[in-house]
1. At 1.4 Å probe size, with every protein chain present, just tell me what the per residue accessible area of the chain comes to in Å².
2. Please give the calculated 222 nm ellipticity per residue for the chain, where each DSSP H segment of at least 4 residues contributes -39500 (n - 2.57) and the sum is spread over every residue; nearest 500 deg cm²/dmol?
3. Using the Cα centre as the reference, give the magnitude of the dipole from point charges on the C-beta atoms of segment 174-302 (Lys, Arg: +1; Asp, Glu: -1; all else neutral), rounded to the nearest 20 debye.
4. Which whole-number percentage describes the relative contact order of the chain, with Cα contacts under 8 Å and a sequence gap of 6 or more?
5. In degrees from 0 to 90, rounded to the nearest 10, what is the angle of the helix 185-201 Cα long axis to the longest principal axis of the chain?
6. Among Phe89, Phe288, Phe262, which one shows the highest mean-square fluctuation when the chain is modelled as a Gaussian network with alpha-carbon springs under 10 Å?
7. Using 7 Å Cα-to-Cβ label points, what is the Ala280/Ser40 separation (nm, one decimal)?
8. Rounded if a/c is under 1.5, else prolate if a/b is larger than b/c, else oblate: which is segment 1-101, with a ≥ b ≥ c the root eigenvalues of its Cα gyration tensor?
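The values are calculated or read from the model by the stated rules, or taken from the named source; none is laboratory data. Since the structure is predicted, the reported quantities are computational estimates derived from the model, not experimental observations. All Cβ positions, glycine included, derive from the backbone under ideal geometry; neighbour counts span all protein chains shown. Remember, those area values only see protein heavy atoms, side chains included, never the ligands or the DNA or RNA. Shrake-Rupley method; radii C 1.70, N 1.55, O 1.52, S 1.80 Å.
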Amino acid sequence: MADTVPGSVALPQSKYDLSTYWGRVKHCAEISDPAMLLNSDKDIKHAKQVVWDYKNGVTAKMTPEVWRAKRVLDSTLHPDTGEKVVLPFRMSSCVLSNLIVTAGMLTPNLGTAGTLFWQIANQSLNVAINTANANKSHPLTTKQIAVNYTMAVTASCSVALGLNALVPRLKNVSPNTKTVLSRLVPFAAVVSAGVVNVFLMRSEELKKGISVFDKDGNDVGNSKKAAFYAVGETAASRVINATPIMVIPPLILVRMERAGLFRGKPKAVELLTNVCLIAATSFGALPFALAVFPQRQSISVNKLEPQFQNLKDKDGKPITTVEFNRGM
């Protein structure tokens, strides 16, 4: 993020009011814009210089160029390390990175092998995104990542295969209802494993706490309670994001099949329709899901450990709220 560029002048968090949900939606729409993927290393270097000029008093006010530079850095750099997030795992690449995997999981009548393949692919992508965007107060070791990845894959595959076996055996359920339920199996697997994935991949944060900061950006210590809020909200946001993407397209596809819209047409037509439905839903839903919880979260010190409740700022005034990076 742009905040990682050194300087004594604080950058505004956004051109929008992040205390409101709609303000966060517009902000998230900007940083998740796939057009941000077109920025080259030269563009990022220039953006850093523009932001540095503002934060060090060379530029006196927030011009359109400074806002543009901030947007480039916010969509490219990790908020803790200031390093570039690997391109496929940036939020601006989220929809594109997930599109093929999601379309694969939502393909009708996959069978056991297909279900296993796409669930493993999805959890592999989730682990990569979680690792690349997580709060970096306590990075995981390679061994921890491997163990957590194995557990997340096991959870997703178990739920998917278990529900695929259960749905056909349901009694007193109409064939149409069974069809709908079978199309929602990937949603159940993704949501359950997604929550497990987030908590596993960020378990060190829960054990050791994450860094919290005062209003001036000074690190004032580690908090396990802040970590619980950060990881819990991230898990919830994954559920919120997955719900429209994994529910709306398959239900629309079922209605189209019942209406005979694919009758007599190549299978590729149904597949392409499925991909288009997923892409449209993903682009529309992502900013709204990301905006549910602020990325840079403020919290009252009364909700944290005792050591944070007697802090004072540089002027000797009591610190009543602190901030932490939620992670993605």
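1. Numbers: 16150 Å² over 328 residues.
Per-residue value: 49 Å².
2. The helix-only estimate for the chain comes to -19000 deg cm²/dmol at 222 nm.
3. That gives a dipole near 580 debye.
4. Numbers: 455 pairs, mean separation 60.1, N = 328.
After rounding, I find 18 percent.
5. 30
6. Its mean-square fluctuation being the largest, the pick is Phe262.
7. 3.6
8. On the way: a/c = 2.11, a/b = 1.41, b/c = 1.50.
It comes out oblate by the Cα gyration axes.
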